[in-house]
Amino acid sequence: MNIELVKWIPWLPALGAVVCAGVAFAPRRVRWIAAPVCVLSILIGFLITCGIAGGIGYEDGTHQTVTVFQWIHAGTFHADMAYFIDPLTVLMLMVVTGVGTLVAWYACGYMKGDPGYARFFAAVGLFIFAMATLVMADNLVLMYLGWEGVGLCSYLLIGFYYDKPSAVAAAKKAFIVNRVGDLGFAIGIFWTFTTYDTMRIPEIIAAAQAGGVPGADTANIWIPFLFMLGAFGKSAQLPLHVWLPDAMEGPTPVSALIHAATMVTAGVYMIARLSAVFALSPAALPTIAVVGALTAIMAATIAVAQYDIKRVFAYSTISQLGYMFLGLGVLSTYGAVFHLFTHAFFKALLFLTAGSVMHALVGQLDMRNMSGLRHKMPWTCWLMFVGCLALAGVPFFSGFFSKDVIIVAALDMGLMTGPQGQLEAATVTGRLFGPGTLYTTLAVVSIITAFITVFYTFRLWFRVFWGPEEYFTGDEHDVALDHLELHDTDDGDVKHITISHHHEPHEMPFWLMNAPLCVLAVGAVAAGWSFIGGDWVEQMVHGRAGASHGEHAEHAMIMGMSTHTFMMIVGPVLAVAGIWIAAVYHLWDRPSGTRRAMQYRHVAFLLHDKYYIDELYDRAIVRPLRALAHVFDALDRMLVNGLIVQLIGTVPGMIGRAVRPTQRGVLQDYGLAMLTGIAVIAVLLIMAKW
Amino acid sequence: MELSTDMLSHFLLTGAALFVLGLIGFITRRNLIIMFLCTEMMFQGVVVSLVGFSQFHLNTTGQSFAIFVLTIAAAEAALALALVVLLYRHKHTLDAQAWSELRE
């Protein structure tokens, strides 16, 4: 397939977004068209991606560039609307367009009846455009464009229900926290240009692989930290993770697409793409690993104490992103990207099934208000089960394979690092407390996190679908209740009426909403089986431009067996133990779970309240800023407005009052004025003559 | 006959005197018609200067321009008096002060 076709991957959804935006002004009868337009535009993008996937080279560093048009040419600053296609790009595109199509398909049914139906799909189309641009960008400026674009669409979609104050606040919070990261990214880009004198990514990677620009030591050390800040903001790592749980105010398809599968993985992608630059700074990669692991365990502990089913998955996403960053930090870009790939499938599946539950219960999200739903919603129950198994890392499901790679890499780094920090051969028997202690600790942390992950995942599943059947519906009237619509013949808009009766939860329509989930479930199971096709995921990641050859294939030895085998044993053990404990407290003997929670209620409150980080930010940052704003407002009103502006304003008035007496209304004054003027000119002329 | 510079200065002085008197009259008088008469006098002052220069340079340029000036004065007379009539119809007085509302 002609590689020039990749131009359409971002631009078709953009076109679709424009069409959807136009349709938003049309009467309701026509608005349904927005959905197929959006889904088709993304689906075509996916097909194009699959088409070119066969034609790209898998050898190290081969890539092709497709230029759409010349954009900025200023001296050495070249930033074109150009797309850089290498195996990593193709992998990311498959995730973006593939999961994007499925989520958009699901959203056709989920968003039915919502007055903002077309607006939703316009924003989703715009998002796919921005995300595809980000992933395919040939230069850092274009990548930043996509970066900002996905932030904008995230804002639009989180604040989709714009008359809900909590949604509006969440959208603002997401955008502002993202901005903090973006600042770091932007400064990093500026500095990269002054150091490498080019904006094009392939050239930067080549220069970095060759050891960087000579003499630019400070730049080499600090640029990765700036980029890292951007990645932390976009991918919700500590300390910039606070926006993601609040982002659950958006519609569930948004949570699935943007805050699970695609946008939040942009940070991981950016670091993977620029890994050659990160390798130049000795402290950067360990920092990423530490932050990733810390975020993973912190978010996992918080998820244990959340009652809102979407919040649980939100913190789970933060935690799994932490795993990806840990993978990046231990030089296992393969592990990180592989986990990104599998996570997209099972997390999207989990969010969408949670959305089905929410939809069925008219907006109810609190797991204390629902129980035993599996008879009413069998498909949703078992689809979510698949997702839960994948998330928990149960063997042969996708999550198991990808998490395995990361933890093994961490253990290897920990056990194989020699005294000078270099990697030694695998024959060195594992020292638990050697120079690589940091990594060993991180590996242990991530193993503990895996256990907690299993626990909170199955806590949710057991609570929602098992046990005695009882539920309290919510009160969300935006959710379509087809049998209760009244059509107004004038403008075709639907009037909703308030329901106060007990609405029966029912399964979602199959072809519209459950079918895409089945596809996702297949992915959640099989995405890890990449060894079937000759380990194609690993080939794609290692075949990217700028891949270093430091990612070793040998494993360290721990307790007499290779780390790989070690994890193959530990993984299933953890999974079984986690499920068993979750079953004890949430399936078989729920009162004992409540008793335990009461016993340790101070810990429970701490976890439920997210370690009070939001409150900390409020006290330390938001309130001082607001006070400062009041100070500046007073300054503005009194000094700038009062003194300076009004002072300057009175001057013309004074001049006017001075000149006014000359205008007496006497006719001959004009003649007199002319005479005076002529006299002055005559005098000047005569004086000049002398 | 060529004019000497002395004779020329006489001509110019006369012209200047006529012009200045007309100017002062225009500025000082309140009657619209008298104001107009003074502008006519200014014209005549210019004509005298022109004729004097014509005789000084011994060509007819000045005199032919003087004819132009007379023509223009006549045309202006027609216009000006028409305007005065209109103005009179509004205020029923020929006093220029009546129009002093055109001010701040």
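Anything in the stretch A:487-512 that is surrounded by 13 or more Cβ atoms within 10 Å (Cβ to Cβ), outside any loop (DSSP other than H, G, I, E, B) and at pLDDT below 70? List them, or say none.
A:494
When you check residue A:621 against the structure, is it within 30 Å of residue A:306 (Cβ to Cβ), more than 14 Å from chain B (Cβ to nearest Cβ), in contact with a Leu (Cβ under 9 Å, 6 or more places away or on another chain) and not charged (D, E, K, R), yes or no? Show your work before the answer.
Values: within 30 Å of residue A:306 (Cβ to Cβ): yes; more than 14 Å from chain B (Cβ to nearest Cβ): yes; in contact with a Leu (Cβ under 9 Å, 6 or more places away or on another chain): no; not charged (D, E, K, R): yes.
For residue A:621, the condition - within 30 Å of residue A:306 (Cβ to Cβ), more than 14 Å from chain B (Cβ to nearest Cβ), in contact with a Leu (Cβ under 9 Å, 6 or more places away or on another chain) and not charged (D, E, K, R) - is not met.
Pairs needed: first member in the stretch A:14-34, in contact (Cβ under 8 Å) with a residue 40 or more places away in the chain; second member anywhere, of a type in the set (D, E, K, R); C-beta distance under 8 Å; at least 6 residues apart or different chains.
Close Cβ pairs (under 8 Å, with a partner that is of a type in the set (D, E, K, R)) amount to A:20/A:119; A:21/A:119; A:23/A:31; A:24/A:31; A:24/A:119; A:27/A:491; A:28/A:491; A:28/A:493.
From (1) among the polar types (S, T, N, Q); (2) in contact with a Gly (Cβ under 7 Å, 6 or more places away or on another chain); (3) buried (at least 23 other Cβ atoms within 10 Å of the Cβ), pick out the condition that doesn't hold for residue A:209.
For residue A:209, the failing item is (3).
Which helices (runs of 4 or more DSSP H) sit wholly inside the stretch A:1-102 and have at least 3 residues that are on the phi < 0 side of the Ramachandran plot and touching a Leu at 6+ places or on another chain (Cβ under 9 Å)? Outline the logic, then answer.
Details: elements: A:8-23, A:28-31, A:34-53.
In the stretch A:1-102, A:8-23, A:34-53 are the helices (runs of 4 or more DSSP H) which contain 3 or more residues that are on the phi < 0 side of the Ramachandran plot and touching a Leu at 6+ places or on another chain (Cβ under 9 Å).
Across the stretch A:112-166, what is the total count of residues that are over 20 Å from the mean Cα position of the chain (by Cα), surrounded by fewer than 24 Cβ atoms within 10 Å (Cβ to Cβ) and aliphatic (A, V, I, L, M)?
Residues flagged as over 20 Å from the mean Cα position of the chain (by Cα), surrounded by fewer than 24 Cβ atoms within 10 Å (Cβ to Cβ) and aliphatic (A, V, I, L, M) within the stretch A:112-166 amount to 0.
Examine the stretch A:642-659 for a residue that is out of contact with any His (no Cβ under 6 Å at 6 or more places or on another chain), under 30 Å from residue B:87 (Cβ atoms) and within 14 Å of chain B (Cβ to nearest Cβ), and state whether such a residue exists. Working first, answer last.
Initial filter on the stretch A:642-659 (out of contact with any His (no Cβ under 6 Å at 6 or more places or on another chain)): A:642-659.
Within this subset, residues satisfying the condition of being under 30 Å from residue B:87 (Cβ atoms) are A:656, A:659.
With the extra rule that they be within 14 Å of chain B (Cβ to nearest Cβ), the set shrinks to A:656, A:659.
Looking through the stretch A:642-659, at least one residue is out of contact with any His (no Cβ under 6 Å at 6 or more places or on another chain), under 30 Å from residue B:87 (Cβ atoms) and within 14 Å of chain B (Cβ to nearest Cβ).
Considering only residues that are among the β-branched types (Val, Ile, Thr) and either more than 14 Å from every other protein chain (Cβ to nearest Cβ) or in contact (Cβ under 8 Å) with a residue 40 or more places away in the chain (or both), which ones fall in the stretch B:8-38?
The first filter runs over the stretch B:8-38 and keeps only residues among the β-branched types (Val, Ile, Thr), leaving B:14, B:20, B:24, B:27-28, B:33-34.
Of everything in the stretch B:8-38, those that are among the β-branched types (Val, Ile, Thr) and either more than 14 Å from every other protein chain (Cβ to nearest Cβ) or in contact (Cβ under 8 Å) with a residue 40 or more places away in the chain (or both) turn out to be B:14, B:33.
Let me confirm something: among A:688, A:682, which residue is within 30 Å of residue B:36 (Cβ to Cβ), assigned to a helix (DSSP H, G or I), away from every other protein chain (no Cβ under 11 Å) and not hydroxyl-bearing (Ser, Thr, Tyr)?
Details: A:688 fails: within 30 Å of residue B:36 (Cβ to Cβ).
Result of the check over A:688, A:682: A:682.
Could we say that residue A:515 is assigned to a loop (DSSP other than H, G, I, E, B) and either touching a His at 6+ places or on another chain (Cβ under 9 Å) or at pLDDT 75 or above (or both) here?
No.
Working only within the stretch A:199-223, note down all residues that are farther than 14 Å from residue A:274 by Cα and small (Gly, Ala, Ser).
A:215, A:216, A:219
Applying the selection to the stretch B:67-97, what residues are closer than 28 Å to residue A:664 by Cβ, of a type in the set (Val, Ile, Thr) and more than 14 Å from chain A (Cβ to nearest Cβ)?
Of everything in the stretch B:67-97, just one residue is closer than 28 Å to residue A:664 by Cβ, of a type in the set (Val, Ile, Thr) and more than 14 Å from chain A (Cβ to nearest Cβ), namely B:85.
Is it the case that residue B:48 is at pLDDT 90 or above, away from chain A (no Cβ under 14 Å) and surrounded by 13 or more Cβ atoms within 10 Å (Cβ to Cβ)? Can you show your working first?
Values: at pLDDT 90 or above: yes; away from chain A (no Cβ under 14 Å): yes; surrounded by 13 or more Cβ atoms within 10 Å (Cβ to Cβ): yes.
When the stated conditions are applied, residue B:48 passes them.
For residue A:587, indicate whether it is surrounded by 11 or more Cβ atoms within 10 Å (Cβ to Cβ), touching a helix residue (DSSP H, G or I) at 6+ places or on another chain (Cβ under 6 Å) and within 14 Å of another protein chain (Cβ to nearest Cβ).
Details: surrounded by 11 or more Cβ atoms within 10 Å (Cβ to Cβ): yes; touching a helix residue (DSSP H, G or I) at 6+ places or on another chain (Cβ under 6 Å): yes; within 14 Å of another protein chain (Cβ to nearest Cβ): no.
Against the criterion (surrounded by 11 or more Cβ atoms within 10 Å (Cβ to Cβ), touching a helix residue (DSSP H, G or I) at 6+ places or on another chain (Cβ under 6 Å) and within 14 Å of another protein chain (Cβ to nearest Cβ)), residue A:587 does not qualify.
Being surrounded by fewer than 16 Cβ atoms within 10 Å (Cβ to Cβ), within 11 Å of chain A (Cβ to nearest Cβ) and polar (S, T, N, Q) narrows it down to one of B:100, B:64, so name that one.
Details: B:64 fails: within 11 Å of chain A (Cβ to nearest Cβ).
Criteria check complete, one pass: B:100.
Would you point out the residue of the stretch A:1-59, among those that are surrounded by fewer than 15 Cβ atoms within 10 Å (Cβ to Cβ) and β-branched (Val, Ile, Thr), that is modelled with the lowest pLDDT?
By that ranking, first place goes to A:30.
Can you tell which of A:594, A:563 is more than 14 Å from every other protein chain (Cβ to nearest Cβ), touching a strand residue (DSSP E or B) at 6+ places or on another chain (Cβ under 8 Å) and at pLDDT below 85? Before you say what the answer is, go through the steps one by one.
Details: A:594 fails: touching a strand residue (DSSP E or B) at 6+ places or on another chain (Cβ under 8 Å).
Only one candidate passes the filter, namely A:563.
Being part of a helix (DSSP H, G or I) and either hydroxyl-bearing (Ser, Thr, Tyr) or over 15 Å from the mean Cα position of the chain (by Cα) (or both) is the filter here, so list the residues in the stretch B:24-50 that pass it.
Taking the stretch B:24-50 as the starting set, the residues that turn out to be part of a helix (DSSP H, G or I) are B:24-28, B:32-50.
Of everything in the stretch B:24-50, those that are part of a helix (DSSP H, G or I) and either hydroxyl-bearing (Ser, Thr, Tyr) or over 15 Å from the mean Cα position of the chain (by Cα) (or both) turn out to be B:28, B:39, B:49.
The values are calculated or read from the model by the stated rules, or taken from the named source; none is laboratory data. Just so it is clear, the model here is predicted, and its values are computed rather than measured. Cβ sites come from the backbone with ideal geometry, for glycine too, and all protein chains shown count toward neighbours.
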